[in-house]
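Chemist: Below is a structure I'd like to ask you about.
What follows is calculated from the coordinates using simple rules that are stated; it is not laboratory data. Note that this is a predicted model, so its numbers are computed, not measured. Neighbour counts run over all protein chains shown; Cβ positions are idealised from the backbone, glycine included.
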Amino acid sequence: MSYIRVWIHAVWATKKRQPLLLENFRKDIFNHIYENCQEKDILIDIVNGHIDHVHCLLRLKNDQTIKNTIQLMKGESSHWINKQNFFNKKFKWQRGYFAVSVSESNVQSVRNYIQNQESHHKKMSFQEEYSQFIKEEEF
């Protein structure tokens, strides 16, 4: 039997980073992503975000890839969002995503960071946050 524990911090944005994830239904979207992951056997720890993007912390199982897991999360959630008729036009996520591994010793700090997105984005825009990620991770 194989034993693995690979934590991933993933981030993706709305198409053209439009501020569509309004407060009145943002939590419903994040809750749906969380519940769908549980149904699909994706080991999701936390999902949160802000008006134009999503953060999640998850663990990969030995038969899961980052690409397939994120693709499933984004694809299914955009389908569900469109079925809810939150918008007058078709909702889409932006292509691509940001994903990095998280060491076991940093899981709690990443979890806290994701949990506190509202207060975090009072000080920093998503663009500033994204640029900081790119720089810190040396992409």
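Chemist: Mind checking the log10 I(q)/I(0) for segment 6-136 at q = 0.09, 0.18, 0.19 Å⁻¹? Debye, one equal scatterer per Cα, no solvent, two decimals.
Modeler: Computed log10 I(q)/I(0) values: -0.24, -1.01, -1.14.
Chemist: Further, regarding this structure: Based on Cα positions only, what radius of gyration and what Dmax would you give for segment 87-136, in angstroms?
Modeler: Every Cα atom of segment 87-136 included, Rg and Dmax give 13.8, 44 Å.
Chemist: Please compute the Kirkwood hydrodynamic radius of segment 8-68 from all pairs of different C-alpha atoms, in Å with one decimal.
Modeler: 12.2
Chemist: How far apart, in nm, are two points set 7 Å out from the Cα along the Cα-to-Cβ line at residue 115 and at residue 31?
Modeler: Distance between label points: 1.9 nm.
Chemist: Here's something else I'd like to know. What lysines does residue 92 reach when the alpha-carbon gap must be under 19 Å and sequence neighbours fewer than 8 apart in one chain are set aside?
Modeler: 15, 16, 27, 67, 74, 83
Chemist: Still on this structure, I have one more. Multiplying the sequence separation of residue 24 and residue 39 by 0.36 nm and subtracting their Cα-Cα distance, what value in nm do you get?
Modeler: Value of the extension gain: 2.9 nm.
Chemist: So, one more: What net charge do the residues around residue 7 carry, taking every other residue with its C-beta under 13 Å from that of residue 7, with Lys and Arg at +1 and Asp and Glu at -1?
Modeler: +2
Chemist: Using Cβ contacts closer than 10 Å as the measure, can you line up 56, 37 from fewest to most?
Modeler: Taking fewest neighbouring Cβ atoms as first place, the list is 37, 56.
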